Amino acid sequence: MSTVHSSLTALSVNVNKVALLRNTRHLGTPSVVRAATLCLQAGASGITVHPRPDERHIRANDVHELAQLLQTYPHAEYNIEGNPFHNLMGFVEATRPAQCTLVPDSSDQFTSDQGWQFPQDAARLKPIVAQLNAWGVRVSLFMDPTPEAMTAVAALGAQRVELYTETYASAYGTATQSAVTAQFTQTAKAALQAGMQVNAGHDLNLVNLAHFLQQLPQVVEVSIGHALIGDALEMGYHATVKAYLASIEQANSGRAQ
């Protein structure tokens, strides 16, 4: 399995929104592969895609073309996420990404809005996780900040969890920020105690990212798409990736003080 060799939290750029814009016309622009290339050249540690059955953004050919691109960036990782009971597993088998993030979204869901539920989902996820492990692909489960579930997730054979951070983003700057953040810190600690590593993603941005990572130094990777691509429309890919990397470095410096 591939690993991220960095003391800083790795930044994986989700390029779904680039594909969503491209799909509004039949010209092939903006290019998903070009966007990923520019982000990697600017220092991103990886690329994330979430192909859905309706191909409303990432399409099958995108998954394969990005897999080819990542082969030319040995320092970077490819993360394919999605529901393993839809169209995900075929993509993973064909491309063998560094990481597969399992997400319990429905086929017509607007965006991911919750994590897996334990013990309810354990039985049906077990053979999926076993197959991914057999393919040599790191497994990450998309999870709400529920510390008590971490032991059960680890028991399936998952190497990581991705904490669903929408509740943190919504609480940021409000009176509930500290209490909500505490749920994430407790969950991250529980995941580590269970032998897993911690990823995070959803609605993280240049405003709230550094604080989150200061509070959760355990996070080894963040996957950011919507906010980052939105920022890139104004700042360009290179400057935007550098800005997110600066936020990560700011969090690291803050923890060291």
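Quick notes on this one:
- Flag if Ala190 is closer than 30 Å to Ser31 by Cβ and crowded, with 17+ Cβ neighbours inside 10 Å: no
- Residue within the range 89-103 that is crowded, with 16+ Cβ neighbours inside 10 Å and either without any contact (Cβ under 8 Å) to a residue 24 or more places away in the chain or more than 24 Å from Ser45 (Cα to Cα) (or both) present: no
- Residue selected from the range 71-87 under the condition under 12 Å from Pro104 (Cα atoms), in contact with a Pro (Cβ under 7 Å, 6 or more places away or on another chain) and at pLDDT 95 or above, by the criterion surrounded by the most Cβ atoms within 10 Å (Cβ to Cβ): Gly82
- None of Gly43, Gly28 is out of contact with any strand residue (DSSP E or B) (no Cβ under 7 Å at 6 or more places or on another chain), at pLDDT 95 or above and surrounded by fewer than 24 Cβ atoms within 10 Å (Cβ to Cβ) except Gly43.
- Options Thr146, Thr240: the member that is at pLDDT 95 or above and touching a helix residue (DSSP H, G or I) at 6+ places or on another chain (Cβ under 6 Å): Thr240
- Filter result for Tyr168 (over 20 Å from Thr48 (Cα atoms), part of a helix (DSSP H, G or I) and within 16 Å of the chain's Cα centre (by Cα)): yes
- Every condition in (1) assigned to a loop (DSSP other than H, G, I, E, B); (2) under 20 Å from Gly201 (Cα atoms); (3) not hydroxyl-bearing (Ser, Thr, Tyr) holds for Leu11 except the one numbered (1).
- Residues that are among the aliphatic types (A, V, I, L, M), in contact (Cβ under 8 Å) with a residue 60 or more places away in the chain and closer than 29 Å to Ala246 by Cα do not occur anywhere in the range 46-63.
- Subset tally (residues that are more than 15 Å from Asn79 (Cα to Cα), in contact (Cβ under 8 Å) with a residue 12 or more places away in the chain and surrounded by fewer than 24 Cβ atoms within 10 Å (Cβ to Cβ)) for the range 130-144: 3
The values are calculated or read from the model by the stated rules, or taken from the named source; none is laboratory data. As the structure is a prediction and not an experimental result, all values here were calculated from the model. Quick reminder, even Gly has a Cβ in these numbers, built from the backbone with ideal geometry, and neighbours come from all protein chains shown.
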